[in-house]
Amino acid sequence: MGANPRPRGGFSASVHWEVTRWIRSRRVFLLVIPVVAGPVGSLLAYLYLRVGSSSTAGLLGILVVSALSGLVVLDLAALSIGEELSQRSHGPLLLLPVRRSALYAGRITAVLGGTLGAYGLGALLVLFLAERLVPGNGVSPIPLDPVHTALGMLALLFFLGAVTFVAALVTGRASEALGLGVLTGFSVSILLVYLLLERALTLAVPAGLALAGAATLLLGLRNYLRMDVGGS
């Protein structure tokens, strides 16, 4: 028997503890926002704007759900490692015999899995409402397919969550990570609008965002664990 054995299941324990912290802090209700407020807000927009095209309605609903989901992923990713939680429930978990790589991987998995799952449900609901409540088949003024837009926003949310989480991990401050996440989202949005106006917004763009998010997570975790004396 070796000294200080590390139990198996550190990753699943980290995911479970992150969800437990959401429940204790009532932050778990943030995941309800894209699923409930997204479709409700989209429905009100359909009625107020008198949208006459189901594709336009679906696109509008996806943008509403994406915006709400973006706020949720920024909040959860920033506070998963940030200074507020490091003074409370973050510290005791680090005392457990769990590898830090498993600890951080579990936390970001909970954040991205929960947020992207809530976004997916909200997106499906708004697309369903658009098809059922807006029977018109007029041409959308914006040459975007609602389904392709939904997939693209999924990649964008993944990228924003990855950047914010790594920023929180490196700085240890939720406020700085949140600010960087907002700035990143604003910058990427401007780039996407520019590509749309130039008719260069293809499926390669969200694929690139997804790859960039994955690279940010892998390189950020790798470099941080190397710098961290207690990491492994």
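A few remarks follow.
- In region 10-227 the Cα-Cα distances spread across 10 Å bins starting at 0 as 9, 32, 32, 18, 8, 1 percent of all pairs.
- One decimal place: the segment LEU195-VAL19 gains 59.6 nm when fully extended, by the rule 0.36 nm per residue minus the C-alpha distance.
- Förster radius 22 Å - calculated FRET efficiency between SER187 and LEU71 (Cβ-Cβ, nearest 0.05): 0.85
Throughout, read-outs are computed from the coordinates displayed, never taken from laboratory work. None of the values given here were measured: they were computed from a predicted structure. So basically every Cβ, Gly included, is an ideal-geometry build from the backbone, and we count neighbours across all protein chains shown.
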